[in-house]
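Since the structure comes first, as structure tokens, the remarks are kept for the end.
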Amino acid sequence: MNAAGGARRDRASAGLRRFDARRLFALVHKESLQALRDPSTLLIAFALPAVLLFLFAYAVSLDARRVPIGVVLESQGASAQALAAAFAGTRFLDVRFARDRREVSGPLVAGALRGYVVIPQDFERRLAQPGGAALVQVVTDGAQPNTANFVANYAQGVVQNWRAGLGAAAPAVPAAAIALEPRYWFNAELESRRALVPGALAIVMTIIGTMLTALVVAREWERGTMEAVLSTPASVFEILVGKLAPYFVLGMLSTLAAAALAVFVFDVPLRGSLAALLTLSAVFMLPALGQGLLISSLARNQFLASQIALFSGFLPAFILSGFLYEIDSMPAPIRALTWLVPARYFVSSLKTVFLAGDIWAVFLPDLLAMAAIGVVFLALAKRATRKNLEA
């Protein structure tokens, strides 16, 4: 009984041994060789990020361009024809003309059209009345709310611009008293790619940091090699640093490769400095790696580790980070939950460094939040690893 207790204390004291740089270097060298010899690790670190960036840059688009709509021209008057021509003249709409609503209702139900505009028979008569209150109806497909809002708002804008031009030509028709001239900062062309690709870097880093670390370390638990490492004279700190250092380097190299793709292939401007980008990425790797190491320490098998990493790492980064869905539009309990997601802060800073520049007033709070979450994850991972050592 006393011998068993002494052995347990000896193993527990491994975490308190003096730091040895040579021992740490040997562990890092061993983990680096293991990562380089594993094809799946290199595929996840370099091939998967490129695939994801191509998907988010080309397959996923929030831009509403060439939206197919119908224009039902029930009136044959010159003003109605001019308004129909105004709809056909915009590059944001792909117009299909019809004479009857029944010609466009079927395609709308089938999804071939996203809405249609009706210029009624009495359009000319209403336009000639005092005040020119001509009625134009817009019918949209509510199954896609964002596109429906775009069609309705853009149709209203086309009508207003047409009436403004009509008022200049015919003073009897009042023109708009106030003209709005919108200006868009940071993304003047309103290209969704420029907002999606920087956010996709956070997803890439989450996969490399959380999922890859969880899978690789869990694989060692399955094969029994982790117990062999824990039985060496190395301390818990040296073991953790030795495990995480190669994947930290992989993550930073993957960040550089992804940033190069974003700038030179996808034409996303990097208005900030490379140093700021690397600093943000390095700090984000702390919670990502710590979470992956904690998951592997608790799960100890690859399937369970991958499932936990998916639900606790990848999905929150994808849904709750502001990458695709605006946080302000979420319910209050979900908004509160997003403060615990490291990717929330990383996505915000990435969009800033790419589209706005080095604004450290934005970076510093995000860096502090990511570092704090990373310290918590790493402390929990160290505690879990020490428990495994004492077991």
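The values are calculated or read from the model by the stated rules, or taken from the named source; none is laboratory data. Just so you know, these numbers come straight off a predicted model, no measurement behind them. Please note: Cβ atoms are built from the backbone with ideal geometry, for glycine as well, and neighbour counts cover all protein chains shown.
Only residues that are surrounded by 17 or more Cβ atoms within 10 Å (Cβ to Cβ), modelled with pLDDT of 90 or more and part of a loop (DSSP other than H, G, I, E, B) were counted across region 267-301, and they come to 2.
Of all residues in region 352-387, those satisfying the criterion of being over 30 Å from Arg300 (Cβ atoms), surrounded by 23 or more Cβ atoms within 10 Å (Cβ to Cβ) and not hydroxyl-bearing (Ser, Thr, Tyr) are Val353, Phe354. Against the test of being assigned by TED's automatic domain parsing to the domain that holds Ala262, touching a residue at least 24 places away in the same chain (Cβ under 8 Å), of a type in the set (Val, Ile, Thr) and under 21 Å from Leu212 (Cα atoms), the options Val353, Val341 yield a single qualifying residue, Val341. Can you name every residue in region 313-329 that is part of a loop (DSSP other than H, G, I, E, B) and within 22 Å of Thr210 (Cβ to Cβ)? Scanning region 313-329 gives Leu320, Ser321, Gly322, Phe323, Leu324, Tyr325. Would region 104-124 turn up any residue that is within 14 Å of Val159 (Cβ to Cβ), surrounded by fewer than 19 Cβ atoms within 10 Å (Cβ to Cβ) and not aliphatic (A, V, I, L, M)? Yes, that holds for at least one residue. Residues in region 118-130 that are assigned to a loop (DSSP other than H, G, I, E, B) and in contact (Cβ under 8 Å) with a residue 12 or more places away in the chain: how many? Total meeting the criteria: 3.
Taking (1) in contact (Cβ under 8 Å) with a residue 40 or more places away in the chain; (2) closer than 18 Å to Leu48 by Cβ; (3) of a type outside the set (Val, Ile, Thr) in turn, Leu315 satisfies each apart from (1).
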